[in-house]
Amino acid sequence: MDLQRDAARLASIATVFVWVGWLSIIYALIAGVLWWIDLAGRPAFNFIEAFAISAAAIGVPLFLALIVASLGHALRLFALYVASKSQ
């Protein structure tokens with residue numbers, strides 16, 4: 001059936017979105033922690049100020065990565081729904 005093949009193709013594309021999203025989340029978190037450690041070591045910032053600056057800097061990339069990952073999960077669920085209705 002063509003519908004099941006299309007659902008499988010959509011699931012494979014959605015898997016790419018999931019992987020890209022989660023890898024971006026991990027990258028943003030690691031970059032934020034490393035930047036926080038770097039800023040906390042400088043005499044111009046204290047521990048809390050360094051955390052605030054680094055958290056504000058990674059907020060938008062982290063939010064966008066979460067959107068990409070959730071889009072991938074939603075597409076996979078939709079592909080599962082389509083594949084189950086085609087039987």
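The values are calculated or read from the model by the stated rules, or taken from the named source; none is laboratory data. Since this is a predicted model, take the numbers as computed values, not measurements. We place every Cβ from the backbone using ideal geometry, glycine too, and count neighbours over all the protein chains shown. When the accessible area is computed, the model is the full protein with side chains, heavy atoms only, and any ligands, DNA or RNA have been set aside. Shrake-Rupley method; radii C 1.70, N 1.55, O 1.52, S 1.80 Å.
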- Query: Within segment 1-16, restricting attention to residues that are open to solvent by 80 Å² or more (accessible area, probe 1.4 Å) and hydrophobic (A, V, I, L, M, F, W, C), which residue is nearest to the chain's Cα centre (by Cα)?
  - Reply: Val16
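Any residue at all in segment 36-48 that's under 17 Å from the mean Cα position of the chain (by Cα) and either touching a residue at least 12 places away in the same chain (Cβ under 8 Å) or within 30 Å of Ala7 (Cα to Cα) (or both)?
The answer is no; no qualifying residue exists.
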- Message: Being surrounded by 14 or more Cβ atoms within 10 Å (Cβ to Cβ) and either in a helix (DSSP H, G or I) or out of contact with any Asp or Glu (no Cβ under 9 Å at 6 or more places or on another chain) (or both): is that true of Ser24 here?
- Response: yes
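Check segment 50-59 and report whether any residue there is touching a residue at least 24 places away in the same chain (Cβ under 8 Å), open to solvent by less than 80 Å² (accessible area, probe 1.4 Å) and of a type in the set (Val, Ile, Thr). Reasoning before the result, please.
From segment 50-59, those touching a residue at least 24 places away in the same chain (Cβ under 8 Å) are 57-58; that's our starting set.
With open to solvent by less than 80 Å² (accessible area, probe 1.4 Å) added as a condition, the list becomes 57-58.
Then drop every residue that is not of a type in the set (Val, Ile, Thr), which leaves 58.
Checked segment 50-59: at least one residue is touching a residue at least 24 places away in the same chain (Cβ under 8 Å), open to solvent by less than 80 Å² (accessible area, probe 1.4 Å) and of a type in the set (Val, Ile, Thr).
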- The listed residue being part of a helix (DSSP H, G or I) and more than 30 Å from Asp2 (Cα to Cα), out of Leu66, Leu77, Leu71: Leu66
- Take segment 36-48 and flag every residue that is in a helix (DSSP H, G or I) and either under 25 Å from Gly21 (Cβ atoms) or open to solvent by 90 Å² or more (accessible area, probe 1.4 Å) (or both). Trp36, Ile37, Phe47, Ile48
- Item | Contacts under 9 angstrom Cβ, first residue in segment 72-87 being open to solvent by less than 100 Å² (accessible area, probe 1.4 Å), partner not in a helix (DSSP H, G or I), 6 or more apart | Ser86/Met1
- Exception for Val33 within (1) within 13 Å of the chain's Cα centre (by Cα); (2) open to solvent by 60 Å² or more (accessible area, probe 1.4 Å); (3) over 12 Å from Leu66 (Cα atoms); (4) not polar (S, T, N, Q) falls at (1)
